[in-house]
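Asker: To start, I am sharing the structure in question, which I have written as structure tokens.
The values are calculated or read from the model by the stated rules, or taken from the named source; none is laboratory data. Note that this is a predicted model, so its numbers are computed, not measured. No Cβ is skipped: glycine too gets one built from the backbone with ideal geometry, and neighbour counts run over all protein chains shown.
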Amino acid sequence: MEFFLDTGIIEEIKEAALLGIVDGVTTNPTLIAKTGRKQEDVIREICQIIDGPISAEVIATDYEGMMKEALVLAEIHPNVVVKLPLTEAGIRTCKELSDKSIKTNVTLCFSVNQALLAAKAGATYISPFIGRLDDIGQNGNDLIAEIRQVYDNYGFTTKILAASVRHAFHVREVALIGSDVATMPLSALKALYKHPMTDKGLEAFLKDHANANKK
Ligand code: E4P
């Protein structure tokens with residue numbers, strides 16, 4: 001399973017990179033806006049820190065505009081993955097880009113039918129937003145399971161990228177289901193390390209070691 005970091009904040013990406021287990025980064029227009037910088041500059045800098053897929057999203061909503069932006073984004077670095085919304089224009093752009101061997105991440109996916117369209121269009125990644133489904137009283141993890149089943153039924157190679165992951169329990173659930181990737185904020189990534197029994201056990205080991213080595 002791959003772990004992506006879901007942020008545009010360079011300091012967070014540098015901190016996560018030191019952990020040695022981050023495979024890529026996802027951004028979106030909201031995350032880029034939080035940086036107060038131009039998307040192109042942020043993406044270029046991220047590509048210098050993490051050697052893996054870096055998602056950068058188009059702003060245009062029409063096919064011609066998406067294609068134009070996508071080609072500019074793809075030129076930034078070979079690791080750039082063009083993120084496209086799950087609309088008619090987004091799926092058409094996805095097909096065109098995958099025919100040109102440009103990597104794509106189809107985002108804002110909320111149904112298995114939408115995920116099917118992305119796979120048909122040759123998307124590299126599909127991003128189902130599980131946290132936002134939970135927010136409206138639906139079960140985001142169920143969507144990951146449905147997409148897993150449908151993709152496996154037909155041998156689609158589009159990778160399931162669980163997005164809108166908010167906490168460690170989401171990571172556990174999508175890992176059990178078989179999501180290919182989870183993208184998460186740094187807080188969720190760091191929460192994966194934590195267990196009170198680990199802390200308690202380590203404290204006891206260190207205490208016993210110190211007592212045994214008293215002069
Ligand atoms: C993923 O690609 C999205 O950028 C992100 O996971 C959205 O998360 P949110 O629903 O917490 O904003």
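Asker: Show me the helices (runs of 4 or more DSSP H) entirely contained within the range 118-215 in which 1 or more residues are touching a strand residue (DSSP E or B) at 6+ places or on another chain (Cβ under 8 Å), under 29 Å from GLY90 (Cβ atoms) and within 16 Å of the ligand (Cβ to nearest atom).
Answerer: Qualifying helices (runs of 4 or more DSSP H): 130-135, 140-154, 168-177, 186-191.
Asker: Can you name every residue in the range 48-86 that is more than 25 Å from ALA16 (Cβ to Cβ) and surrounded by fewer than 17 Cβ atoms within 10 Å (Cβ to Cβ)?
Answerer: ILE59, THR61, ASP62, TYR63, GLU64, GLY65, LYS68, LEU71, VAL72, GLU75
Asker: Starting from the range 25-40, take each residue that is among the hydroxyl-bearing types (Ser, Thr, Tyr) and list its partners that are within 13 Å of the ligand (Cβ to nearest atom) and part of a loop (DSSP other than H, G, I, E, B), counting only C-beta distances under 6 angstrom and pairs at least six apart or across chains.
Answerer: Taking only residues 6 or more apart or on different chains, the pairs are THR27/GLY8; THR35/GLY8.
Asker: How about the range 188-198: which of its residues are crowded, with 18+ Cβ neighbours inside 10 Å and either of a type outside the set (A, V, I, L, M, F, W, C) or in contact (Cβ under 8 Å) with a residue 60 or more places away in the chain (or both)?
Answerer: Answer for the range 188-198, where residues must be crowded, with 18+ Cβ neighbours inside 10 Å and either of a type outside the set (A, V, I, L, M, F, W, C) or in contact (Cβ under 8 Å) with a residue 60 or more places away in the chain (or both): just LEU189.
Asker: Tally the residues that are free of Cβ contacts under 8 Å to residues at least 60 places away in the same chain and out of contact with any Gly (no Cβ under 9 Å at 6 or more places or on another chain), restricting the search to the range 94-109.
Answerer: Selection size over the range 94-109: 6.
Asker: Out of everything in the range 158-187 that is buried (at least 21 other Cβ atoms within 10 Å of the Cβ) and more than 12 Å from the chain's Cα centre (by Cα), what residue ends up being nearest to THR107 (Cα to Cα)?
Answerer: THR158
Asker: Could you tell me which of the residues GLY155, GLY201, GLY131 is at pLDDT 95 or above and under 17 Å from the mean Cα position of the chain (by Cα)?
Answerer: GLY131
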